[in-house]
Amino acid sequence: MAKLVTVTLPEGVGNDLKKVLKIQKDLLGRLGHPACYSGFDILFRQESDWSVNPKTLELEQGGGR
Amino acid sequence: MSTRRRSSWNKVAAVKPAPGRQALPAALGVGMTYAPRLDAVIEAATGLLDLLEVEPQTLWRRHEGDTERYVVDSVLMGRVAALPCRKVLHGVGFPVGSVRPPSAAQIPPLLATIDALAPTWMSEHLAFNRMAEGGRLIDTGFLLPPRQTDAGVAGAVTAIRSVADCLPIPFAVENGISYLAPRTDEMADGAYVAAVIEGADCGLVLDLHNAWANHRNGRQRIEEFLAEIPLERVWELHFAGGMEYRGYWLDAHSGAISEPVIDVAREIIPRLPQLKALIFEMTPSFLDLVDESTIIRQLEILHELWGLRPPEAPRMSIGSLRRTWPGDAAGAPTPPQWEDTLGALVIDRCTSGVLAQEIAADPGLQIFRHLVAEFRASTMIGTLPFSGRLLLSSLGTERLEQMLADFWRIAPPEAFGSREARAFARYLATMDLGIPLLDELLAYDLAVVAALTENASQQVRFRHDPRLVLGCIADHRMPDNLPDGDFVADITPDGITFRPAGAVATATSIALRV
């Protein structure tokens, strides 16, 4: 039987996990047929607006086209 | 490791269809299109929403096997059913403008959806979204304009009746948008719509933004379009906002209703004796760019317009015109040729001939191609959110776009997001990209897709704390310098728990169906 282990949440992870939760919630609306199938889906374009700063290895908004 | 539970997702009982035409109900009022991402907006707008327009196929899941089969996500459906207003259905996956009737596989889940939501009527698009290739039908990734000839009308009438006669509620079609130039061998947009809905004896969802965008893009003038369609068959008006792109006005559903559309509505609403509903449409991915107050304001505008309706007239018994269609001129492109050629050009498949040359010379084709590409790329990043973001940040936009374009050349679009995600994941598995963390993030994304579409429970191993890895990606930060370890994400249809390998307890879990 596996041993019980207490998991300590690293600092700042709580907020990040809320963002994880939002991403997973948005996924629910993506698994079926796309909505507004004759419209314009800009999700990829929004995501590509983030780019990596090579000096800090952090993603910054506004770097995409 | 994967385990499967007995599916409970399709428990909603099918209702027995009542053939024939059904009477229209009393007026419903003002509403908007439903999407899970719009839950908060819908809650904030409760006092302004008389009804919701539900796109049924967005609540379905496509079975992963080769057999075409759809199941209703009954949890999601139950949530929609509980929303306290009337519903109408607006199909997005099985358009009725093709000479190839839409798949009968949609009928059982459609009846289940009708049973669950008790919608007042259903509508579908007067468009096509499949093409024949190598003896099979493949998806075109977008709703495309049908062939507007006598043969095209006859085919659409048959397609409409093939669906409408199976349903226990009234059926209507929506006028579409085309970015192509009008053709001299086709009837005008208004005459085509009129011939189809009179031939099929159905209602019309008049999308004013589509009609106005067609006008703006050089097709029929909207005044002429409105003069040609039978206004007494208009049950519902659609409103949306758009945007300019390469000289074309896109039916983008991007937010505030375009002003000229409101002006047209003021003119036409007093002439619509059977108008029952006004619907505001918005693509969910624009939600981050449009604030809630803007959406509320659009609904207020629709309530002002609602007051312009004429006194409700008794429904005229119109009946089918029972026309016969003589068919197209000899040598002219037939509707199947049109659908296969336009579809092939839009999704970059092999095609040739005079018609292909004519369509390829139309700059509007590039608009369709651009919109399909954006849809497919957005589906990838939306269904594989963590691995997709990692790819984007590791490869950059241009290189990822090139990879996607290479993939699309060998893989036609999959209409359902879960299948598109899996197809791209299979493609990725053939490549050696050398991107750290990609394998475990892709496994994680696919496991969540499987949990939500197939009721499958899975474990995914991580070499670093998955809360840190996923949290960094969610926060648009690159995971870096993470301590090594051995971790597990337990993914079930209900939620995800994160724990060190070997532990049974966890301090961290997230619900999947919130």
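The values are calculated or read from the model by the stated rules, or taken from the named source; none is laboratory data. These numbers come from a predicted model, not from an experiment. Virtual Cβ from ideal backbone geometry, glycine too; neighbours counted across all protein chains shown. These accessible areas exclude ligands, DNA and RNA; they are computed on the full protein's heavy atoms, side chains included. Shrake-Rupley method; radii C 1.70, N 1.55, O 1.52, S 1.80 Å.
Considered as a group, the residues in the range B:411-445 that are more than 14 Å from every other protein chain (Cβ to nearest Cβ) and either assigned to a loop (DSSP other than H, G, I, E, B) or at positive phi (or both) include one that is surrounded by the most Cβ atoms within 10 Å (Cβ to Cβ), and that residue is B:412.
Restricting attention to the range B:276-304, report how many residues are over 18 Å from residue B:210 (Cα atoms) and away from chain A (no Cβ under 14 Å). Don't jump to the end; show me each part of the working.
Residues of the range B:276-304 that are over 18 Å from residue B:210 (Cα atoms), as a first pass: B:276, B:284-297, B:299-301, B:303-304.
Checking the rest, the ones that are also away from chain A (no Cβ under 14 Å) come to B:276, B:291-297, B:299-301, B:303-304.
Residues in the range B:276-304 being over 18 Å from residue B:210 (Cα atoms) and away from chain A (no Cβ under 14 Å): 13 in total.
Farther than 17 Å from residue B:508 by Cβ, assigned to a loop (DSSP other than H, G, I, E, B) and touching a residue at least 12 places away in the same chain (Cβ under 8 Å), is that true of residue B:484? So residue B:484 passes the test. Taking the numbered list (1) at pLDDT below 55; (2) in contact with a strand residue (DSSP E or B) (Cβ under 6 Å, 6 or more places away or on another chain) in turn, residue A:50 passes all entries but (1). Residue pairs whose Cβ atoms lie under 7 Å apart, sitting 6 or more positions apart in sequence or on different chains, and linking a residue in the range B:170-183 that is more than 16 Å from residue B:218 (Cα to Cα) to a partner that is among the aromatic types (Phe, Trp, Tyr) and assigned to a strand (DSSP E or B), are B:172/B:235. Within the range B:149-175, the set of residues being farther than 27 Å from residue B:112 by Cβ and either surrounded by fewer than 20 Cβ atoms within 10 Å (Cβ to Cβ) or not β-branched (Val, Ile, Thr) (or both) comprises B:150, B:151, B:152, B:154, B:155, B:175. A Cβ distance below 7 Å, combined with a sequence gap of six or more or placement on separate chains, defines the contacts here; from the range B:81-96, residues that are under 30 Å from residue B:335 (Cα atoms) reach residues that are among the hydroxyl-bearing types (Ser, Thr, Tyr) and surrounded by fewer than 18 Cβ atoms within 10 Å (Cβ to Cβ) in the pairs B:94/B:103.
Yes or no, residue by residue, for (1) in the same structural domain as residue B:104 (by TED's automatic domain parsing); (2) of a type in the set (S, T, N, Q); (3) modelled with pLDDT of 90 or more:
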position	(1), (2), (3)
B:15	no, no, no
B:25	no, no, no
B:36	yes, no, no
B:44	yes, no, yes
B:52	yes, no, yes
B:55	yes, no, yes
B:68	yes, no, no
B:73	yes, no, yes
B:76	yes, no, yes
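Considering only residues in the range B:44-70 that are more than 26 Å from residue B:28 (Cα to Cα) and facing chain A (nearest Cβ under 10 Å), the one that is most open to solvent (accessible area, probe 1.4 Å) turns out to be B:62. Please verify whether residue B:186 is touching a Phe, Trp or Tyr at 6+ places or on another chain (Cβ under 9 Å) and open to solvent by less than 10 Å² (accessible area, probe 1.4 Å), treating the condition exactly as stated. For residue B:186, the condition - touching a Phe, Trp or Tyr at 6+ places or on another chain (Cβ under 9 Å) and open to solvent by less than 10 Å² (accessible area, probe 1.4 Å) - is not met.
Can you tell me which residue within the range B:461-501, out of those that are open to solvent by less than 10 Å² (accessible area, probe 1.4 Å) and more than 9 Å from every other protein chain (Cβ to nearest Cβ), is modelled with the lowest pLDDT? Here the residue is B:493.
Give the range B:234-273 a look and list any residue that's assigned to a helix (DSSP H, G or I) and either open to solvent by 10 Å² or more (accessible area, probe 1.4 Å) or in contact with an Asp or Glu (Cβ under 8 Å, 6 or more places away or on another chain) (or both), or say none.
At the first step, the residues of the range B:234-273 found to be assigned to a helix (DSSP H, G or I) are B:259-271.
Within the range B:234-273, B:259, B:260, B:263, B:264, B:266, B:267, B:270, B:271 meet the criteria.
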